[in-house]
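The structure appears below as structure tokens.
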Amino acid sequence: LYAHSTMVYLTIAGSDQVVDFLMTGLYSWMSDCEIHDVEDYTLNVTPKTLVAGADFRLWRPDIYQLKTFEDLRPDSLIPVVTALSQIPEADRMLIQVIVRPTKLNLMHHLAVWNIRSMDKFKRIFFTRDWFKRDMAKDTLKRAAQKAGRRMFLVNYRITSLHDPSATNTEPSQAILRRLVRNVEHVAAAAKTYSSAEDNKLVLRPIQVGR
């Protein structure tokens with residue numbers, strides 16, 4: 001997702017096969033949308049561009065799921081797109097979701113088994129789980145279902161950018177503070193994907209610079 005001047009664009013990068021598959025899905029989802037080939041917008045930066053950014057980590061091991069699209073009907077993008085459209089016109093926002101399939105080999109299955117075993121052992125000492133035993137059973141059931149499906153490595157990164165004009169008089173530190181607020185604002189909207197019972201998105205420390 002790329003936001004600039006209160007407009008939000010959905011951009012896709014990948015192999016021709018993946019892009020064609022996603023384009024078919026987009027047309028079936030939004031039949032009146034327009035799709036164009038564009039240059040790589042991530043290269044549209046200069047040595048003077050000010051940047052603030054961070055990515056999410058999971059609160060618990062990744063076998064515990066976040067909310068799915070079924071939990072976020074009618075549209076799981078509405079909270080994030082709304083937040084992106086509210087950033088100052090002079091700034092840009094970029095949300096990158098990088099998805100890579102895991103390799104289904106012996107090491108993968110051992111890693112999943114180890115995570116499930118260790119977390120099950122730790123749960124014995126979690127007081128809150130004793131008071132939510134029925135909910136904990138549902139969580140473990142959903143974790144088992146997720147672990148039995150094809151799994152992916154996902155990185156969710158939020159970045160805010162600003163290109164000072166030649167006549168700019170605003171101090172760089174003030175701009176960076178605003179960019180940090182932009183990231184926090186969009187991150188708060190993205191946390192709608194967090195599940196109260198299973199897993200949550202936790203924003204890592206925000207990095208700033210040029």
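The values are calculated or read from the model by the stated rules, or taken from the named source; none is laboratory data. What you see is a predicted model; the values in this text were computed from it and never measured. Backbone-built Cβ (ideal geometry, glycine too); neighbour counts: all protein chains shown. Surface areas here come from the heavy atoms of the whole protein model, side chains and all, with no ligands, DNA or RNA. Shrake-Rupley method; radii C 1.70, N 1.55, O 1.52, S 1.80 Å.
Karplus-based coupling profile of segment 198-210, in residue order and whole Hz: 9, 8, 9, 8, 10, 6, 6, x, 7, 9, 10, x, 10, with θ = phi - 60° in 6.51 cos²θ - 1.76 cosθ + 1.60 and x standing for Gly or Pro.
Distance from the C-alpha centroid of segment 146-210 to that of segment 1-59: 15 Å, rounded to the whole angstrom. 3J(HN,Hα) along segment 58-69: 8, 5, 10, x, 6, 6, 8, 8, 8, 5, 9, 4 Hz, from the Karplus curve 6.51 cos²θ - 1.76 cosθ + 1.60 with θ = phi - 60°, whole Hz, x for Gly and Pro. Dipole of segment 155-210 computed with +1 at Lys/Arg Cβ and -1 at Asp/Glu Cβ about the Cα centre; of Ile206, Asn182, Ile158, farthest Cα towards the positive end is Ile206. Expressed as a whole percent, the accessible surface of segment 1-40 that belongs to carbon and sulfur atoms is 55, based on a 1.4 Å probe.
Using the Cβ-Cβ distance between Asp37 and Asp138 with R0 = 41 Å, the FRET efficiency computed as 1/(1 + (r/R0)^6) comes to roughly 0.35. Taken about its Cα centre, segment 159-210 carries a charge dipole of about 140 debye when Lys and Arg each add +1 at the Cβ and Asp and Glu each add -1 at the Cβ.
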